[in-house]
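For reference, the structure is listed below as structure tokens.
The values are calculated or read from the model by the stated rules, or taken from the named source; none is laboratory data. In this text, all values refer to a predicted model and were calculated from it rather than measured experimentally. Glycine gets a Cβ as well: all are built from the backbone with ideal geometry, and neighbour counts include every protein chain shown.
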Amino acid sequence: MARILRALVAATFCAACLGDYVEADCKEADSPGLAFIQAKALARDSAAAKKEVEYRWSSGRGNFPDYGVAKDTAPFDLPARFAWSWSHPLGRFHTLTYGTVIDHLSNVYLSGADGIRKFDPSGKLLWEYASLPAEMMDAPSLFNGTIYGSDTHGNVVALNMEDGKVEWKTHVSDAICQDNGFTMAKDGVVLAASDCREPSPNGESNHLVKALNASTGKQLWTYAPDTAIWNFLPLFVDEGDFVFQDMTGKAYRLHLHTGHVIWKSGGKEGTWTDGSAAVGNGMVFAVNNNHMPPNAFYSEYNPGTLSAYNLSTGKLVWKVVTQRPPNNAPAVGKVKNLPGMSVVMPLCQQVQQGAFCDVHVYNADTGDLRWVFHGPAQAGPYQAGDLEGMDIRRSSGVRPTCLPNGWSAPTIDAEGTVFVGHEDGNFYALRDMDGDGTIFGDDESQIYDTKAAFAGSSSPAVAPGILAIASCDSLFVFKK
Ligand SMILES: *[C@@H]1O[C@H](CO)[C@@H](O)[C@H](O)[C@H]1NC(C)=O
Ligand SMILES: *[C@@H]1O[C@H](CO)[C@@H](O)[C@H](O)[C@H]1NC(C)=O
Ligand SMILES: *[C@@H]1O[C@H](CO)[C@@H](O)[C@H](O)[C@H]1NC(C)=O
């Protein structure tokens with residue numbers, strides 16, 4: 001009898017595990033000597049604590065509070081660890097792919113111009129949500145059994161993680177711009193950029209931040225920053241607040257439930273950056289370009305600024321001028337063989353033939369430069385995969401080019417290795433083993449050639465034993 005009961009309990013739990021529950025519940029239920037009554041109590045508690053499920057990489061930039069930083073170690077030797085990839089079944093140029101998230105069971109979700117797809121850990125397609133003619137150019141995020149994204153027709157969309165069915169779809173504006181932002185959710189609230197229109201220092205851009213109820217899709221509040229936003233990346237911080245930057249590099253801290261401004265700071269008026277903010281070390285890091293290029297002539301040496309603001313007060317702590325444009329979000333964490341916290345900053349003027357791209361690592365306390373990776377230059381007139389796929393993409397109803405940032409956003413893994421994708425297709429693992437401040441040789445850099453650039457909302461996603469990244473047209477997964 002006891003045996004049968006235990007089997008029944010285990011079966012109940014494992015059915016639940018296929019749904020919203022963490023794997024740990026299965027293991028507990030399987031453990032010998034667990035009484036039926038205890039199991040039922042546990043089941044009740046688990047149901048009540050359902051919202052507590054922590055996904056392994058729940059947004060394009062990972063998890064609160066350490067965005068851009070993985071709890072797990074990702075494989076350094078990328079070519080040897082390649083496990084599987086996904087491209088559109090009709091050919092890689094039939095869609096554009098943007099952002100990856102990973103749930104508690106290591107399923108991988110991928111956003112793309114034509115919708116969102118879910119894959120099991122071995123690469124089997126589980127469902128797809130078709131969005132065309134609206135394109136989903138942001139990185140989605142996971143919260144409480146739902147995946148959230150937004151589309152270019154002005155909708156914020158909530159899909160059931162199990163089957164991809166629409167839970168709600170809220171039309172928040174006529175259009176959401178074709179940049180690569182992040183739709184983020186926490187504490188029952190979803191944040192998305194909206195109101196795509198002129199004017200801004202960079203043409204049509206999103207002018208509003210919208211907060212929606214994660215369960216119902218009802219709009220809660222709207223906030224208009226001083227200048228339009230580009231590649232909107234809100235990051236949750238303590239005390240029910242979040243931070244983000246606008247396209248001039250002005251940083252904002254707002255209350256999540258009301259949209260009330262706690263502080264705003266910095267920025268260079270009239271400028272545009274393809275970059276976004278980061279948090280860590282008690283600071284907010286924001287980036288800006290120092291001037292708009294005269295006559296739209298972009299130089300690979302167009303200088304920018306990386307600024308560190310006190311997270312509680314918004315006061316500037318330090319800033320450094322970067323020798324190349326800081327055109328993506330930094331990552332803040334512990335970098336291999338360096339003491340304390342570091343800021344990993346991708347620098348590049350994209351879409352410029354012959355322009356080199358670097359990755360700089362700064363001391364997060366002071367802004368002192370710690371190491372440099374001198375990356376490759378863009379070889380052709382366009383970034384990898386862009387020109388070749390133009391006609392096919394146009395005929396498939398997605399935008400013809402990816403035209404992304406020079407680098408993906410970077411991720412730092414648990415051992416301090418930096419993972420980042422370059423516009424000519426190489427996906428890099430970088431670490432300074434000999435402490436000489438440069439990255440050089442096979443022991444310090446490993447490369448996997450994806451043959452396409454990486455969108456601004458593409459960011460290496462890391463979960464135990466698995467690393468996933470989307471190039472502009474395909475998903476690549478590496479395993480330990
Ligand atoms: C969302 O809506 C539900 C149902 O009306 C409500 O119970 C909940 O408090 C709302 N959450 C937020 C964050 O407004
Ligand atoms: C999580 O989703 C369930 C429904 O599946 C809902 O009852 C619950 O209120 C949600 N929790 C939060 C924090 O939104
Ligand atoms: C931020 O400001 C507060 C209040 O002045 C101070 O206590 C804290 O040390 C500052 N943190 C950093 C990282 O500068």
Any residue at all in segment 215-224 that is of a type in the set (A, V, I, L, M, F, W, C), more than 16 Å from ligand 3 (Cβ to nearest atom) and closer than 25 Å to PHE454 by Cα? no
Positions within segment 172-190 being among the aliphatic types (A, V, I, L, M) and either under 30 Å from MET292 (Cα atoms) or assigned to a strand (DSSP E or B) (or both), in sequence order: ALA175, ILE176, MET184, ALA185, VAL189, VAL190
Looking for whichever is over 29 Å from MET345 (Cβ atoms), charged (D, E, K, R) and without any contact (Cβ under 8 Å) to a residue 12 or more places away in the chain here; the options are LYS169, LYS124, LYS118. Which one fits? LYS124
All positions within segment 354-376 that are assigned to a loop (DSSP other than H, G, I, E, B) and under 23 Å from the mean Cα position of the chain (by Cα): ALA364
Working carefully through the options PHE297, PHE236, find the one that is in the same structural domain as ALA192 (by TED's automatic domain parsing) and within 16 Å of ligand 2 (Cβ to nearest atom). PHE236
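Name the residues in segment 399-412 that are among the hydrophobic types (A, V, I, L, M, F, W, C) and surrounded by fewer than 24 Cβ atoms within 10 Å (Cβ to Cβ), would you?
Correct list: LEU403 only.
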With a cut-off of at least 3 residues that are farther than 24 Å from THR146 by Cα and in contact (Cβ under 8 Å) with a residue 24 or more places away in the chain, name the strands (runs of 3 or more DSSP E) lying wholly within segment 191-286. 251-255, 261-265, 278-280
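This table checks each residue for (1) over 26 Å from ARG431 (Cα atoms); (2) among the small types (Gly, Ala, Ser); (3) away from ligand 2 (no atom under 16 Å from the Cβ).
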| site | (1), (2), (3) |
| --- | --- |
| VAL279 | no, no, yes |
| GLY282 | no, yes, yes |
| ASN290 | yes, no, yes |
| GLY304 | no, yes, yes |
| LEU311 | yes, no, yes |
| PRO330 | no, no, yes |
| GLY333 | no, yes, yes |
| LYS336 | no, no, yes |
Options ALA113, ALA175, ALA139, ALA134; residue that is modelled with pLDDT of 95 or more, away from ligand 1 (no atom under 16 Å from the Cβ) and in contact with a Lys or Arg (Cβ under 7 Å, 6 or more places away or on another chain): ALA113
Take the residues in segment 205-226 that are among the hydrophobic types (A, V, I, L, M, F, W, C) and either within 10 Å of VAL172 (Cα to Cα) or surrounded by 15 or more Cβ atoms within 10 Å (Cβ to Cβ) (or both), then tell me which one is farthest from ligand 1 (Cβ to nearest atom). LEU208
Is segment 260-282 home to any residue that is out of contact with any Lys or Arg (no Cβ under 7 Å at 6 or more places or on another chain) and within 16 Å of ligand 1 (Cβ to nearest atom)? yes
Quick check on my filter: what residues within segment 287-337 are in a loop (DSSP other than H, G, I, E, B), among the hydrophobic types (A, V, I, L, M, F, W, C) and at pLDDT below 95? MET292, PHE297
Among residues of segment 142-171, those that are within 16 Å of ligand 1 (Cβ to nearest atom), surrounded by fewer than 24 Cβ atoms within 10 Å (Cβ to Cβ) and within 12 Å of ALA193 (Cα to Cα), counted: 0
What number of residues in segment 311-361 are buried (at least 24 other Cβ atoms within 10 Å of the Cβ) and aromatic (Phe, Trp, Tyr)? 0
Those residues of segment 102-111 which are in contact with a Phe, Trp or Tyr (Cβ under 6 Å, 6 or more places away or on another chain) and crowded, with 24+ Cβ neighbours inside 10 Å amount to ILE102, VAL108, SER111
Failed criterion for GLU415 (all others in (1) surrounded by fewer than 19 Cβ atoms within 10 Å (Cβ to Cβ); (2) out of contact with any Gly (no Cβ under 7 Å at 6 or more places or on another chain); (3) assigned to a strand (DSSP E or B) hold): (3)
Could you tell me which numbered condition MET390 fails, if it satisfies all but one of (1) crowded, with 21+ Cβ neighbours inside 10 Å; (2) more than 28 Å from ASP72 (Cα to Cα); (3) not polar (S, T, N, Q)? (1)
